[in-house]
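The values are calculated or read from the model by the stated rules, or taken from the named source; none is laboratory data. Worth saying up front: this structure is predicted, and the values here are computed from it rather than measured. Cβ placement follows ideal geometry from the backbone for every residue including glycine, while neighbour counts extend to all protein chains displayed. In case anyone asks, the SASA skips ligands and DNA or RNA and just uses the protein heavy atoms, side chains included. Shrake-Rupley method; radii C 1.70, N 1.55, O 1.52, S 1.80 Å.
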Amino acid sequence: MRGQPWRVRVESGEQQENGTDGAHRPPTRTVDGEDALTCGAMSTPTEPASGLPVRMPRPRKSGRHRKPEPLAAPEGAPALVLAVPGEPSAATRSLAEEVTSIARSELPGLNAVVGYIEGDDTEFPSLTAVLTQIAAERAERAALAAMLPNADESSDGAPEGDATAQREGRPAGPGPEGPAAVVVPLLAGPESALMRRIRQAVMDSRVSAELTDVLGPHPLLAEAVHVRLSEAGLARADRARLFTVATAADGIVLATVGGEEAVQAAGITGMLLAARLAVPVLAAALDMDGSIQQAADQLRGSGSTQLALAPYLIGPEIAEGLLKEAAAGVECASSEALGAYPAIGRLALSQYMTAVGIAPPQQDAQGAFAR
């Protein structure tokens with residue numbers, strides 16, 4: 001009998017109900033189909049059989065632990081225009097495009113473009129030209145919408161823009177009467193001369209645009225400076241780690257541009273950086289004679305022997321080679337500028353969202369954005 005195949009017959013529930021004894025007969029088995037294994041009613045592809053457990057979908061979690069809905073740019077929201085200072089170059093364009101890419105990834109549907117303060121309107125469009133083009137495109141869209149039948153209202157009486165936003169799952173945004181753009185300066189700290197040029201460019205465009213403040217001071221910028229120092233081998237990547245860095249600096253000169261106002265603003269970030277690194281940090285201006293040297297002398301006078309120059313700068317706002325020259329002047333190493341560090345794009349988006357009135361995502365206990 002061994003080695004012969006089993007043959008199984010399954011009786012339906014209807015067949016079992018027809019026989020009183022068969023419904024309660026224990027399963028039997030024989031070989032070659034003379035008797036067969038009898039099973040009770042089984043579930044079908046469309047519905048479970050009686051008595052079997054049913055797998056139900058888990059209910060959506062409610063309360064403060066509920067995952068928030070993802071943010072999206074409102075319908076008809078103004079464009080984010082990143083105002084890039086300095087002499088335009090391929091490196092500057094790459095940096096600015098990376099910053100706007102980070103902003104778009106954080107807020108889907110965002111129209112983020114780049115305008116150069118010293119643009120030539122060919123390869124590097126000027127801030128004024130970018131704002132003018134945005135306003136023209138917005139007016140063209142409004143004219144096309146006005147030509148469509150029932151363009152002003154949807155079938156339920158809501159404005160067409162709001163109805164489109166509802167269909168796409170996005171919040172309704174400001175209409176054509178609002179600002180066409182929000183200009184965000186690509187500056188970590190205040191620089192009065194550059195800010196005056198940005199304001200003038202906005203005025204020259206004759207476009208309804210809102211100008212935000214610079215990106216700092218902010219704890220994320222202190223984090224960015226810390227990361228750049230660690231990349232240069234001048235600080236530990238994580239102060240909680242127990243290993244030491246032989247070349248770690250015991251005093252930091254936080255370099256900025258913009259005169260005394262910029263130094264005071266950088267000093268706030270400097271205090272946050274000092275708390276992260278547990279070393280003294282002094283802010284100084286690259287465009288003030290003797291400022292970097294004075295800060296270095298003060299740190300050495302307080303006991304620091306291995307200094308580092310940490311730029312509190314994104315990059316385009318300073319002339320090439322200026323950082324290396326300043327570091328050589330005080331005989332210390334230097335880290336790189338902040339560049340397209342992810343926090344730069346997030347801070348630019350934060351300034352935009354504040355200007356437009358979009359509520360930022362909630363933060364968890366560790367301060368990270370809930371997504």
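A Cβ distance below 7 Å, combined with a sequence gap of six or more or placement on separate chains, defines the contacts here; from region 326-347, residues that are farther than 22 Å from Leu186 by Cα reach residues that are part of a loop (DSSP other than H, G, I, E, B) in the pairs Ala326/Leu286; Ala333/Ala232; Ala333/Leu234.
Give Gly115, Gly161, Gly157 a once-over and let me know the one that is surrounded by 19 or more Cβ atoms within 10 Å (Cβ to Cβ) and modelled with pLDDT under 90.
Numbers: Gly115 fails: modelled with pLDDT under 90; Gly157 fails: surrounded by 19 or more Cβ atoms within 10 Å (Cβ to Cβ).
Of the residues listed, the single one that is surrounded by 19 or more Cβ atoms within 10 Å (Cβ to Cβ) and modelled with pLDDT under 90 is Gly161.
Contact map, region 248-268: first residue more than 14 Å from Leu286 (Cα to Cα), second residue hydroxyl-bearing (Ser, Thr, Tyr), Cβ cut-off under 6 Å, separation 6 or more or different chains; pairs are Asp250/Ser304; Gly251/Ser304. Against the definition (surrounded by fewer than 20 Cβ atoms within 10 Å (Cβ to Cβ), touching a residue at least 12 places away in the same chain (Cβ under 8 Å) and of a type in the set (Lys, Arg)), how does Arg93 come out, yes or no? Taking the combined requirement at face value, the residue satisfies it. Number of residues in region 280-299 that are out of contact with any helix residue (DSSP H, G or I) (no Cβ under 8 Å at 6 or more places or on another chain) and surrounded by 21 or more Cβ atoms within 10 Å (Cβ to Cβ): the value is 3.
If we keep just the residues of region 255-273 that are in contact with a Pro (Cβ under 6 Å, 6 or more places away or on another chain) and open to solvent by 30 Å² or more (accessible area, probe 1.4 Å), which is farthest from Val214 (Cα to Cα)? It would help to see each step written out before you state the result.
Initial filter on region 255-273 (in contact with a Pro (Cβ under 6 Å, 6 or more places away or on another chain)): 255, 258, 261-262, 265, 268-269, 272.
So of that shortlist, the ones also open to solvent by 30 Å² or more (accessible area, probe 1.4 Å) come out as 261, 268, 272.
Values: Glu261: 13, Ile268: 14, Leu272: 18 Å.
Out of the qualifying residues, it is Leu272.
When you go through Thr247, Thr212 one by one, which is the residue that is at pLDDT below 95 and surrounded by fewer than 24 Cβ atoms within 10 Å (Cβ to Cβ)? I'd like the intermediate steps shown before the answer.
Values: Thr212 fails: at pLDDT below 95.
Checking each option against the conditions leaves just Thr247.
Against the numbered list (1) of a type in the set (Val, Ile, Thr); (2) open to solvent by 20 Å² or more (accessible area, probe 1.4 Å); (3) not in a loop (DSSP other than H, G, I, E, B), Thr305 comes up short only at (3).
The residues in region 245-298 that are more than 23 Å from Ile318 (Cα to Cα) and part of a loop (DSSP other than H, G, I, E, B) can be counted, and the count is 9.
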